[in-house]
1. Once the piece of chain linking Glu255 and Lys31 is laid out straight, how much longer is it, given 0.36 nm per residue of separation minus the C-alpha distance between them?
2. Where both partners of a DSSP beta bridge lie in the stretch 1-144, what percent of those bridges are antiparallel, to the nearest 5?
3. Would you work out which of Ala249, Ile280, Asn45 lies farthest towards the positive end of the dipole of the chain? Charges go on Cβ: Lys and Arg +1, Asp and Glu -1.
4. Can you check what the net charge comes to around Pro355, using other residues whose Cβ is under 13 Å from the Cβ of Pro355 (Lys, Arg +1; Asp, Glu -1)?
5. Quick check for me: using +1 on Lys/Arg Cβ and -1 on Asp/Glu Cβ, what's the dipole size of the stretch 290-373 about its Cα centre, in debye to the nearest 20?
6. For Lys398 and Met1, FRET efficiency with R0 = 30 Å and r from the beta-carbon atoms, rounded to 0.05?
7. May I ask you to list the trypsin sites (Lys or Arg not before Pro) in the stretch 1-74 that are in a DSSP loop and have at most 12 other Cβ atoms within 10 Å of their Cβ?
8. Report the antiparallel proportion of the DSSP beta bridges in the chain as a percent, rounded to a multiple of 5.
Amino acid sequence: MGAVENVMRSLSVIEEKDSEINAFITVADEKALLRRAREVDDGINRGIYDSPLAGMVIAVKDNIMTAGLKTTCASEKLRDFIPPYSAAVVERLTEAGLIIIGKTNMDEFAFGSTTETSCFGSTKNPYDTTRTPGGSSGGSAAAVAAGMVELALGSDTGGSVRQPASYCGIYGLKPTYGAVSRFGLTSYASSMDQIGPFATSVDDCEALFSIIAGFDERDSNSIHYNPDSMPEKPVIGVPEKYASELICAIRRFKEAGIKVREFKFSFDIERFAAPAYYIIACAEGCSNLARFDGIRYGDRNADYCPELKARLEMGNLVLSEGFYDEYYIKASKIRRLIRNAYDEVLKGFDCILSPVVADTAPILGHYDDDRVKMYAADTFTVPANLTGLPALCIPVEKKDSLPKGAQLMGRAFSENLLFCLARQIEGMI
């Protein structure tokens, strides 16, 4: 189909399904979309756009700046904010001939794991609308899983692309830190934030990543992307403790002729990763959100949701005198120990296979009375953010008709290997 047909189809599915799923905060004006689609179709015919994704429709998480299109971060603070510039990734999407159809729902300022803290209401899981799609990029994952779009962008600070990808049965990548520019991304935890792609196929996920990856001088942590060399016979390591949870994926990899071996970490990552992550993330988030004071940005009379306020209070605490050394410095030291443990394992393996989350999507409201349980659910995802290493969620099974993914995590700049391995077992569910 051409770009015009893609836009019309996407708008039709959004109209049909989104009143129930609530994946979108803003859908772009139809006339503007069709005008853009005709320009893209003309550009494809003239050879201006050569990307395999040219003419496709994409949704963008609402914490990524889009000039002329509202960017609210799902917060009352920015309910009507229209940015004067676009994020680097949005510029690259436009240059590649993709069409941004709208902005997707999320946890307020990305401080959440269920997409229930949005001031625009909760997003529902397309597989079961009584359940969460995950978060904080739940709107993007739900939009792709529901067929409203084939592609979407999210941001991943502690698992916010991979966890909703698992709950929604699609592919989601957290790239190597610095591989994708953060210019124009509303910061949560600057040392861990990364923009990543969602897609229903490995090829589309890889193609979308190739568009958004690359050096950008406007991001001080941006890196010239140099793909890691591909091993001839890759070996996958599986933490011994979680092998029983990955039986389906392990079996499929072995059937594809890929070696899979178990190992033990030298450091108790399960015990320390989530606590260290939340101390660091809340501290950085507290610092970053100080700018939304109603003087330069945001409505000073608007309040934050309870989850966001709880994390800001934690951030203020660990940055305060008497607690900084006790909490933030210790968490930073643990972060280094976790990175060392992964570096040690990845000397003997080409990547690591692990769960994304312990189970399938929880019922909406599941964490209302137990935030600690929600934080603990990030145990498998936060190491990729603490270490800066790439991690890919791949759909591997269904449990009681609900999807559940597995995670491949590799060395820095090994995204090509992760995609190659994922392709070996594509179509498991």
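The values are calculated or read from the model by the stated rules, or taken from the named source; none is laboratory data. Computed from a prediction, not measured in an experiment: that's the story for all the values here. Cβ placement follows ideal geometry from the backbone for every residue including glycine, while neighbour counts extend to all protein chains displayed. Please note that ligands, DNA and RNA were not included when accessible areas were found on the heavy atoms of the full protein model with its side chains. Shrake-Rupley method; radii C 1.70, N 1.55, O 1.52, S 1.80 Å.
1. The span from Glu255 to Lys31 would gain 75.7 nm if fully extended.
2. Taking every DSSP beta bridge with both residues in the stretch 1-144, the antiparallel ones total about 50 percent.
3. So the residue furthest toward the plus end is Ala249.
4. Net charge around Pro355: -1.
5. Taking the Cα centre of the stretch 290-373 as origin, the dipole is about 380 debye.
6. FRET efficiency, Met1 to Lys398: 0.55.
7. Hits after loop and neighbour filter: Arg46.
8. So the antiparallel bridges in the chain amount to around 70 percent.
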